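First comes the structure, then the notes that go with it.
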Amino acid sequence: MIGPLYAESLDGARVDVEAADGRTWPLESWRWLDGAEGDEAMLARCGDPTLDVGSGPGRLTVALTRRGVRALGIDVTPRAVRLTRLAGGRALCRDVFGHVPGGGRWATVLLADGNIGIGGDPEALLRRARELLRPGGEVVAELGPPGTATRSERVRLRRDDTATGWFAWARVGADGIGPLARRAGFRRAEVWTEAGRWFSVLG
């Protein structure tokens with residue numbers, strides 16, 4: 001659904017995100033190509049093995065691999081998967097709600113860069129993550145800052161006169177993760193901030 005325009009953005013094209021209410025903002029794909037300040041705060045909490053959901057061009061999958069953590073990235077965009085492999089990471093073109101290798105055996109499910117919003121239903125995504133984790137496994141998620149309302153909306157990607165179909169995306173703020181995590185079956189939600197970014201570990 002989002003593949004071609006997302007792939008173009010990874011190659012440097014200007015692509016915007018458009019919300020159903022008319023708001024637009026740039027899709028800043030460049031942030032996912034190289035290491036970003038605060039990444040270490042997530043990587044240090046990832047166990048072996050880690051499933052990087054919505055891995056994009058694979059900067060975190062590759063970083064984990066280089067430090068000796070068995071990591072697999074999954075993304076719905078073939079171009080992103082190819083970029084991950086070219087950089088030395090393992091990646092598959094998969095939807096997290098479909099068949100994912102290693103179900104029930106992952107130490108960590110990583111939801112970086114706002115990917116807790118995948119599918120527009122964070123509770124359903126966290127329940128799916130629980131299915132993929134081994135006993136005692138954890139979700140490491142990046143969140144919006146405190147005060148960010150937990151909400152789902154329909155968005156699409158647009159470049160000039162070309163647009164994707166609409167798809168659901170969600171946002172979750174740091175102060176909203178606790179109740180959400182409990183509803184999804186997690187007992188613990190640790191929250192911290194680093195380099196202006198907000199993170200949580202759910203166990």
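Bear in mind these aren't lab numbers, they're just calculated from the coordinates by the rules spelled out. All figures in this text were calculated on a predicted structure; none of them were measured in a lab. Virtual Cβ from ideal backbone geometry, glycine too; neighbours counted across all protein chains shown.
Can you list the residues, at least 5 places off or on another chain, whose amide H is less than 5 Å from the amide H of Val15, using H built in the peptide plane?
Leu27
Mind ranking 86-93, 24-31 by how tightly packed they are, going by the mean number of other C-beta atoms within 10 angstrom, highest first?
Result, highest mean first: 86-93, 24-31.
Residues with beta-carbon under 12 Å from that of Pro101, excluding Pro101: net charge, scoring Lys, Arg +1 and Asp, Glu -1?
+4
Count charges around Ala13 for me, please; just the other residues with Cβ under 10 Å from its Cβ, Lys/Arg as +1, Asp/Glu as -1.
Overall, the nearby charge balance is -1.
Between rounded, prolate and oblate, where does the chain land on the alpha carbon gyration tensor, with a ≥ b ≥ c its root eigenvalues, rounded for a/c under 1.5, else prolate if a/b exceeds b/c?
The shape class here is oblate.
Once phi is turned into ³J(HN,Hα) by the Karplus curve 6.51 cos²θ - 1.76 cosθ + 1.60 with θ = phi - 60°, what whole-Hz value does each residue of region 131-147 show in order, with x for glycine and proline?
Values per residue, Gly and Pro as x: 5, 7, 6, 7, x, x, x, 9, 9, 10, 10, 9, 10, x, x, x, x Hz.
Using helices alone, what [θ] at 222 nm do you get for the chain, with -39,500 (n - 2.57) per DSSP H run of 4 or more residues, divided over all residues and rounded to the nearest 500?
That comes out to -6500 deg cm²/dmol.
Give the distance, in whole Å, between the Cα centre of region 42-60 and the Cα centre of region 150-200.
Answer, in whole Å: 17.
Summing +1 for each Lys or Arg and -1 for each Asp or Glu, what net charge is found among the other residues whose Cβ lies under 15 Å from the Cβ of Arg82?
+2
For a protection proxy built on the mean count of beta-carbon atoms within 10 angstrom, sort 45-53, 160-168, 11-19 highest first, please.
Ranking, from highest mean packing down: 45-53, 11-19, 160-168.
Show the residues, 5+ positions off or on another chain, whose built amide H is closer than 5 Å to the amide H of Ala91.
Gly73
Along the charge dipole of the chain, Cβ charges K/R +1 and D/E -1, which of Ala36, Gly102, Gly120 sits furthest on the positive end?
Gly102
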